[in-house]
1. Using the Cα gyration tensor of the range 1-132, with a ≥ b ≥ c the square roots of its eigenvalues, what is the shape: rounded (a/c below 1.5), prolate (a/b larger than b/c) or oblate (neither)?
2. If R0 is 22 Å, what FRET efficiency do you get for Arg450 and Arg478 from their C-beta distance, rounded to 0.05?
3. Using 7 Å Cα-to-Cβ label points, what is the Asp287/Asp61 separation (nm, one decimal)?
4. For Arg25, Arg20, give me the order by solvent-accessible area with a 1.4 Å probe, most accessible first, ignoring ligands, DNA and RNA.
5. So how exposed is Trp430, as accessible area in Å² (1.4 Å probe, rounded to 10)?
6. For the chain, just give the cysteines left without a disulfide-compatible partner, judged by no other Cys Cβ under 4.7 Å.
7. Between the alpha-carbon centers of the range 259-319 and the range 188-217, tell me the distance in whole angstrom.
8. Work through the residues other than Gln399 whose Cβ is under 12 Å from its Cβ and net out their charges, Lys, Arg +1 and Asp, Glu -1.
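The values are calculated or read from the model by the stated rules, or taken from the named source; none is laboratory data. Treat the numbers as computed from the prediction; the structure is a model and nothing was measured. Positions of Cβ are generated from backbone atoms using ideal geometry, with glycine treated the same way; all protein chains shown enter the neighbour counts. Keep in mind that these areas ignore ligands, DNA and RNA; they rest on the heavy atoms of the full protein, side chains included. Shrake-Rupley method; radii C 1.70, N 1.55, O 1.52, S 1.80 Å.
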Amino acid sequence: MSGTFVGMPAFPRAAREAVRNTTLRGNLRHATHTIRDKRARAVAELDDWAVLREAGKQIKDHTLRHLDRYLVQVEEAVTAAGGTVHWAADADEANDIVARLVEETGESEVVKVKSMATQEIGLNEALQARGIHAYETDLAELIVQLGKDRPSHILVPAIHRNRGEIRDIFRSEMGEWGRPAPENLTDTPAELAEAARLHLREKFLRAKVGISGANFVVAETGTLVVVESEGNGRMCLTLPETLISVVGIEKIVPRWQDLEVFLQTLPRSSTAERMNPYTSMWTGTTDEDGPRTFHLVLLDNGRTDTLADEVGRQALRCIRCSACLNVCPVYERAGGHAYGSVYPGPIGAILSPQLRGTGSEIDASLPYASSLCGACYEVCPVAIDIPEVLVHLRERVVQGGPAVRGGNRVVLRPAKGHAAERAAMRAAQWAFTRPGALRTGQRLASRTRRLHPRTLPGPGRAWSGTRDLPAVPAEPFRDWWQRTHGGKGGAK
């Protein structure tokens, strides 16, 4: 995965700084509560939502089980329609392919549709290093780019900014990137949107190369699908002479008919709309309309490694709706930057450590960036059991063990700093497999409960520093049962 966020501290330290920013917390609270309330109303309109959710899960699981076959089918269909398919094993290879394709056109500017895959691989930075300027055209991505910032939300990358901050960014930065903002620009949404429209229109009309991702790729026809709310995507997809699409291999769906499920669940889960205002679909090239040259870059970058994990692979079902972020109490308080990845929130906490591995401090900490409340699972439109994967990854961090990295089976070493946790789990395992020892320990804990400290000593202090230790009962359940029921049918 891209090194864009290398150097980020572990999640606990990054989050500690974020929660002290009252402006950030206010922005996040207002935005996430507004989005999730609207989403709940939109979902409630469908009596068959649970059926659609299960259908989406089944389609994605089926595709992942047969991904090798569908990838070949995509290549054949795209090629037959006049496109060219490129395969990228990692971020460096993908960036090199895209940069080379742009250089072959002789252009030094490109316009971009909002794309998580290109952010994941750090494409903008890679292009800049080769003298190619990439201009983001999504309004929120434009704000992030002009502000020399990083995205903090999957759907709304500038969710951490308020209108006043956006106005100031437009006033100070737009002129360096192209058409400047109006002199008397205010922070009203209409004026901000109009300033962005005028600024971007020049780039749309001038650019000869467009770069996009895709929400879905239909294997049977080679059709790519982009859903959006602003129309900037359609401008990027139709006006340039050359279109390059960078798409993760998990975005495939087998049949055109499968879209009817996701084009209902995605807009309601993301923007709380019944359907997206703009749903753009293209299949190869045509002489009469749209780009004359089309390239599809199929990106792995850790996805086949993730696919090899029977528990963790369900993260590849994700359709990037961001519903899990909007209900997560941790994300609401810490914001997206604390996750050190373009994939923040609950989905980022399980996706990034699988795509990048758990070798770095930030990635080893991400599975712990959750209260395990389960709200993310409840709203996920493809039923990803995020708490299950979080616990699975925590075990990998603490215990190490077999995994697949770079297509090879390896044995991971336990992450540093978890020796006390491993010792505690081994002690618990020993006690739970020896009923006599467990019973004796319970009785001893009950009889000495007045002497128990309120916080744990040593390494346990980090755990009890933010939690209350549960009170030990006056007697163990087994003893209570024996006493009140006289041992009749009692516990062994």
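1. oblate
2. Numbers: r = 21 Å, r/R0 = 0.96.
E between Arg450 and Arg478, to the nearest 0.05, is 0.55.
3. Spacing of the two 7 Å Cα→Cβ label points: 4.8 nm.
4. Numbers: Arg25 70, Arg20 155 Å².
Order by accessible area, largest first: Arg20, Arg25.
5. So the heavy atoms of Trp430 present about 130 Å² to solvent.
6. Cysteines lacking a close Cβ partner in the chain: Cys236, Cys318, Cys321, Cys328, Cys373, Cys380.
7. 20 Å
8. Working: positive: Arg394, Arg396, Arg413, Arg422, Arg426; negative: Glu395, Glu421.
Value of the local net charge: +3.
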